[in-house]
Every structure is written in C-alpha cells, then in structure tokens.
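Working notes for the structure below.
Any read-out appearing in this document is the output of simple, stated calculations on the displayed coordinates, not a laboratory observation. All values reported here derive from a predicted model rather than from experimental measurement. Backbone-built Cβ (ideal geometry, glycine too); neighbour counts: all protein chains shown.
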Amino acid sequence: MSCCAPGTEGAMEAERASHALPSSEELTLASRTVGEGLRQSDLSVPGVHCGTCITTVEGALNALPEVARARVNLSTRRVSVVWKEEVEGRRTDPQAIAAAIRATGYDTHLFSLAAEGDDRLRNQLIRAVAVAGFAATNIMLLSVSVWSGAEDATRDLFHWISAFIAGPTLIYSGRFFYQSAWNAVRHGRTNMDVPIALAITLSYAVSLWETLHSAEHAWFDATVSLLFFLLIGRTLDHVMRDRARSAITGLARLSPRGAMVVRPDGSRDYRPVEEIAVGEHLSIAAGERIPVDCRVLSGVSDIDRSIVNGESDPLAAAPGTQLEAGAMNLTGSLTVEAVATARNSFLSEVIGLMEAAEGGRARYRRIADRAAQIYSPAVHLLALVSFLGWGFLDGDWKHAMLVAIAVLIITCPCALGLAVPVVQVVAAGRLFAGGVMVKDGSAMERLAEIDTAVFDKTGTLTLGKPRLVDRDKLNRAHLSLAAALAAHSRHPLSMALAGANAGPAPVIDAVTEVAGGGLEAVTGQGVLRLGNRAF
C-alpha cells in the first residue's frame, strides 16, 4: 500500500534508478561519533510524505541489529540513524542502512544543507548570458557584411542565418523574461518584464517579416544584443543581492547546525538545532557557540557575549547564568538547559529584525516602488499612442510598429525599480560588517540629517576587540613568553596578547586553561601562569 498519488510510482522508480546509494566510505566520513561505539548518520529521504512512510522507514531500520535507533523528520524529510560501529565482533557496513531504506521503496542519499555559492538560478543566468553573448557576436559579424554592401541573395542569406541564430537564443536566454511576463499577465497584471518580452518578440517578428520579403533592413542584431545586455543586468542584480545579504548570512553562521543532547540515561545524541526542544539538556564544549537560549546547569566558563551587548569583556558563566544563542563558549565545558527553541531564540529575533530592516519600505524606496508600479501601464499606453499616432499621421503602419517597439525598448527603467532596494540591502550589510545592526530601513535615510551623535551606553564604548596598549614599555622576553601561553586560548584578552607579539615566541606544550582563572604550563624553567592578576 502506498501513500503516494497514483501514477507516481513510475516516477519514483526512475528517481531511484537515477541515484546510486552512497558508498560505505561516504557514509562513514559524513557520520559523527555520539557515544561509545555509536555513530550517527543523517540521510535524506525525499519520498517521505505521511505517517505511514515514517513507520515504514523507521521499522525497517530498527529491525537491523546494527541500528541503535532511527528517527524520521517529516518536515525536512531526513532520517537520523544512530548505528553501532561493531556488532558481534563484525564492523558495521553503513551502506546496509541505506540499502534497507531503498528496500522499502524510498530513495535516499546523504543529507546536507545547500552549499554556499551553489546558486542554481545564478548558474542558469550565467549560461543564458553566455548563449546570448555568443549569438549577438555572430549575428553582429553577419550584420557587418550587410552594412558593408552585401545585396540581394547574399544579404537575404545573412538575414536568414541571423534569424536561425536569434530564434533559439530568444527561447533559451529570454525564458526568464517570458516566464515572468506570462506569470504576470495570466494573473491580470503587468510588470517590467512584460514590455521587455514584447519588445524582443516584436522586433524579432518584424525582422523575420522583413527577411521573408527580402527587405533591406532587419534587426536581429539589435534584438539579441538587447537581450544580452538585459541579462547582464539581471545577473549582476542577482549576484549583488546575494552578496548584499551577508549581514543575515553572517548572523546565521553564528548559530551552530546542531548540538550534543544529553539524554536522561546519560547517552548523547547529536541533534540539528531546529529539533532541540525546551527543557532538553545540552553539552557545550569550549570553543563552541551556544545553539539556543539556555540556562547553565553545571560547569564554569567565560562567555563572549559581544554579539549581544558589544562588550569585549567576557561574562563569567556559572550554574544559573542565562545565555543567549550565538554567544561563544570560550574556556570551559558547560551543561545547559534549553529555555527556548531555535525559532524563538535571541539570534533568530535579531535575524528577523535585520530581515525587516533590509526589506523595509523607506521613503525613497516607497517612491521608487510607486514609480515602478505605474511604469508598466504608462509605457504600454505610450507605445500604443505612438503606434496609433504615427500610423494615422503618415499611414505607414510598419514604421508605426517600429516606433512603438523603440518606445518599449528605450523606456526600460530597471535601475529605478532595482537600484534603490539593492542600495538599502548593501548599506545594511556594510553597517553589519562594521558592527552596527540596522532595525529600521528608514534609519539609513535619517542618517543624512544627523549632525550630532550621543552614545548612551553602560561602560566603555569599544570596538569589541581588545588590544594591548603601551607594548613598547614591556619586556620583550616576557611578552613573547606570555604570547606563547596566550596562543593556546580563545579568550579575547589572550587573543589580543598573542597578536601583540610581533617577534618569535617559544613553543610551550601541555598548557592548561582554568575557566575564569587563566592559563598554566609546567616547563623546565618552572610553572608559568597567565591570569587576571599576575604572570
């Protein structure tokens, strides 16, 4: 019995045939250790749609002796499998786990988040630009021959070759404009792509008509060249918007993808951050970021909360301390209790504020949006008036058509509708890179009217990155020794001390870091200590 719609079984079979099972080596490398003799693998099962699917997959996996437990997430269509490295003295082949899923009728492959830069639309746009540029170059070469004096049959041949090059190019490279225009028209509205689609289609049709009647002029070169430059602008805009979202991307990177959950029986299970529930206990090692808002249960450590308050001075965390998602655990291991889900955490709220600011409707953006809304109807009306006016004025309706097409082409205000929003997003990204988070899009416009800045902040207004002052007054030997010790710590003060040493530093092994107490190492010269009070 299948929960899938009738007729999809053949498609599922083709889909399974198109994907080979991941190899044992791939599965082993992609897995992670979650306890003594246990590893966890995350597999994607895109065919899972309902509770019956979940029961089928989990039942097949739990029946395997090498599987300790399996859990299917319906929303992400991911199955997390915890498996034993050895069963009865025999090493587990992880491919058998994937094969068990495949045996139930569901395709499976390694689960991974979308890779950075792996932008499908961007790649499609680049290919379209390449095709349009190649076609425009070749048609232009043929047009040069026509402009140089080719006549009669030779001219007609060049026009026909240009037509056969331009036609497929409009279909392949112009599909972005056609799809957008058709989607707008069939919903009873227009957008900026409607006049573009009309212009390149009509110019090609008129050129083809002229070629059929052996006319002297055809405009295949202008049609494809226009498409080429419009695609360049579309591609640059897409890339710029992707890069401009570095502020939100940078914030998202502050949250780990998962955390080690400590189960009631003491076992550990690595779980994606989206699946961490309120009340669960998490183990946070030194050097890891806090995944969700939480409360410290046990352990002491120094916490870098500069993302929260901008202070470079770390917070000394102890049992009972409240910590926000995105903060960095610097020195000691902690066991914490989640007090909020990832969706409701501090970092998620900040990302929401940034998204609202980048998409906010500031005054200039509202003006640009209103102008863009009336642009398309106005341009179509203007083109129609031009067509009728020139047609009735001189009676040459072909000339009137060419005038109308020219109106559609030259009035494309892409910069009006695109530049203002992109500038706002870019500005928010640049400010975030400088340590300023924008909560309101109109704030950047009001900055132009500011002549005085007043900072209301408890403590010292800093850049969040401490640095060593009066370095020249220190003993160089002592500084290099202190820098060698500090290089073993992620504490902000230790990192500043290590970076202040411009010369060589001795190599010191077996350095111990005491949370809140500093660093200690035993060498042949004695015990070296680097802490808050003494070295």
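Quick one: net charge around Ser173, please, counting Lys, Arg +1 and Asp, Glu -1 for every other residue with C-beta under 11 Å from its C-beta.
Here the charged neighbours net out to +3.
So for Tyr270, Tyr106, fewest C-beta neighbours within 10 Å to most, what's the order?
Sorted ascending by nearby Cβ count, the order is Tyr270, Tyr106.
Sorted from largest to smallest, which semi-axis lengths in Å does the alpha carbon gyration tensor of the range 471-530 give for its equivalent ellipsoid, taking the root of 5 times each eigenvalue?
Semi-axis lengths for the range 471-530 are 17, 14, 9 Å.
Test of understanding: what is the full-extension gain from Thr523 to Arg186, defined as 0.36 nm times their sequence separation minus their Cα-Cα distance?
113.5 nm
Quick one: order Ser180, Ser145, Ser489, Ser345 by neighbouring beta-carbon count within 10 Å, fewest to most.
Ser145, Ser180, Ser489, Ser345
Suppose every K and R has +1 on its Cβ and every D and E has -1 on its Cβ; what is the size of the dipole of the range 256-344 about the Cα centre, in Debye to the nearest 20?
Dipole of the range 256-344, to the nearest 20 debye: 160 debye.
How would Glu449, Glu85, Glu151, Glu275 line up from fewest to most surrounding beta-carbon atoms within 10 angstrom?
By the 10 Å Cβ count, ascending: Glu449, Glu151, Glu85, Glu275.
Lys and Arg at +1, Asp and Glu at -1: add these up for the other residues within a Cβ distance under 10 Å of His159 and post the number.
Neighbour charge sum, excluding His159 itself: -2.
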